[in-house]
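Shown next, in structure tokens, is the structure this report addresses.
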Amino acid sequence: MLRKNRLFTPGPTPLLPAAQTAMASFTAHHRTADFRALFQRVLADMKDFIGTRNDVLVLACSGTGVMEASISNLTSPGDKVLVLTAGKFGERWTGLAKAFRCNVEVVNVPYGETFSLNDIQTKLTPDVRAVFMQATESSTGVRHDVEGIAKIVRANGADTLLVVDAITGLGTTHLDVDRWGVDFIIGGSQKALMIPPGLAYCAVSERAWQRMETTSSPRFYFDLRKERKSAAKGESAYTPATSLFAALGAALEFIRQMGNGDLSKGREALVNNAELCAEMTRAGVQALGLKLFAASPAAALTAVCSPAGLDSGKIIKEFRESFDAVVANGQGEMKGQMFRIAHIGYYDYLDTIGILAALEHVLTRCTGKAVEYGAAVRAAQEVYAREMSKKRQLVGA
């Protein structure tokens, strides 16, 4: 039987065909009027994609690069910072902050769980210079309460900045960056923007820009003040990833058309798509008797506990060998305990139905037990039908 390779991983995600075409055909030099026009258009559109009036920068690096930039630009050695960690990417914040010699306080919860606002409040003293967190912890499939945490941070005073890794959150979660008071939010090109890895971006508040004038951590390539100055002239401080910018421009145009010409509405539609695919997936896996790993499931991906006694690596392998479908294993000590199915960016109804139908066969082969074929698909169909019925009722009203 013919097989098509398909990614169901939380990054990289499937590529948008129009972005692939734009990337393959782009040849402009980065110090020309043509590229400056593209560069300025992309930066302006990125504000609408993120949903902010703050300045946005796009850098040639991975999301971790901009995570590091947030620490090197916003802290000085010895600064007290608070890291909220519930998974591998929360732990990355801890490692980065220690590398820049910050005094790191941690609110730590078990994998699969999210934070108590009271626990954060207890640790959030007036001398905390910044709070670092994830919007979505993609190693566990957990969604964190950015709005609730932002409210606590803002009440702590203007001297405490909130930095949010939303690399898998942007484009999958409704985030009101400016109203909530998020000072620094981070995204990556290989997630909801549907293009290859290689670009990372951030929106930076005026409070954060002011902080950069007083901090003393070392920085050179990631000196965001230089990038802001260059961006005002339609350029990057250093050589940009020109083809990826062309792909990003095409992806933003695709999202704009999802909103019938309104990029902000297109962003909302993209998030709603992820939310629906996630709800369908959760219903499908639970109909097969599987348990969700996350207590507060994200829309970006669904983390599913492997059946008792079965290494999830066997499930990953069966998906690949039988269907050429790539789903993600757990990370670190979670490897073998779970598998993760993503619904970020260029995923739709048919992708969701297809991966659930494949899962029914995968479980049968891996467990040796009979699975009720159609159970996962039926549960997902029912979720989809309910959602479509609601939309028709709203249109009729």
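The values are calculated or read from the model by the stated rules, or taken from the named source; none is laboratory data. As the structure is a computational prediction, the values presented were derived from the model and not from experiment. Methodologically, a virtual Cβ is constructed for each residue, glycine included, from the backbone with ideal geometry; neighbour enumeration extends over all protein chains shown.
Structure values in brief
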{"quantity": "Any hit, the stretch 358-378, residues being exposed (fewer than 15 other Cβ atoms within 10 Å of the Cβ), over 30 Å from Ile255 (Cα atoms) and in contact with a strand residue (DSSP E or B) (Cβ under 8 Å, 6 or more places away or on another chain)", "calculated": "no"}
{"quantity": "Meets criteria (over 17 Å from the mean Cα position of the chain (by Cα), acidic (Asp, Glu) and crowded, with 16+ Cβ neighbours inside 10 Å) for Glu275", "calculated": "no"}
{"quantity": "Residue that is outside the structural domain of Ala342 (by TED's automatic domain parsing), at pLDDT 95 or above and closer than 23 Å to Pro12 by Cβ, where the choices are Ala237, Ala200, Ala231", "calculated": "Ala200"}
{"quantity": "Positions within the stretch 27-74 being more than 21 Å from the chain's Cα centre (by Cα) and within 24 Å of Arg267 (Cβ to Cβ), in sequence order", "calculated": "Ala37, Leu38, Phe39, Gln40, Arg41"}
{"quantity": "Matching option when the condition is out of contact with any His (no Cβ under 9 Å at 6 or more places or on another chain), of a type in the set (Val, Ile, Thr) and at pLDDT below 95, among Thr52, Thr32", "calculated": "Thr32"}
{"quantity": "Number of positions in the stretch 237-272 that are without any contact (Cβ under 8 Å) to a residue 40 or more places away in the chain, assigned to a helix (DSSP H, G or I) and either buried (at least 21 other Cβ atoms within 10 Å of the Cβ) or not aliphatic (A, V, I, L, M) (or both)", "calculated": "4"}
{"quantity": "Answer from Arg31, Arg6, Arg41 - the residue that is over 23 Å from Asp165 (Cβ atoms), in contact with a Pro (Cβ under 9 Å, 6 or more places away or on another chain) and either surrounded by fewer than 21 Cβ atoms within 10 Å (Cβ to Cβ) or free of Cβ contacts under 8 Å to residues at least 24 places away in the same chain (or both)", "calculated": "Arg6"}
{"quantity": "Residue ID - modelled with the highest pLDDT, chosen from residues in the stretch 379-397 that are hydrophobic (A, V, I, L, M, F, W, C) and surrounded by fewer than 16 Cβ atoms within 10 Å (Cβ to Cβ)", "calculated": "Ala385"}
{"quantity": "From Ala150, Ala158, residue being aliphatic (A, V, I, L, M), surrounded by fewer than 17 Cβ atoms within 10 Å (Cβ to Cβ) and either in a loop (DSSP other than H, G, I, E, B) or in contact (Cβ under 8 Å) with a residue 12 or more places away in the chain (or both)", "calculated": "Ala158"}
{"quantity": "Answer residue from the stretch 102-118, given it is assigned to a loop (DSSP other than H, G, I, E, B) and free of Cβ contacts under 8 Å to residues at least 60 places away in the same chain and is nearest to Thr75 (Cα to Cα) among those", "calculated": "Cys102"}
{"quantity": "Filter result (of a type in the set (A, V, I, L, M), more than 17 Å from Lys369 (Cα to Cα) and buried (at least 16 other Cβ atoms within 10 Å of the Cβ)) within the stretch 279-323", "calculated": "Met280, Ala283, Leu292, Ala294, Ala298, Ala299, Ala300, Leu301, Ala303, Val304, Ile316"}
{"quantity": "From the options Gly198, Gly234, Gly141, Gly188, residue that is farther than 16 Å from Leu84 by Cα, touching a Lys or Arg at 6+ places or on another chain (Cβ under 7 Å) and among the small types (Gly, Ala, Ser)", "calculated": "Gly234"}
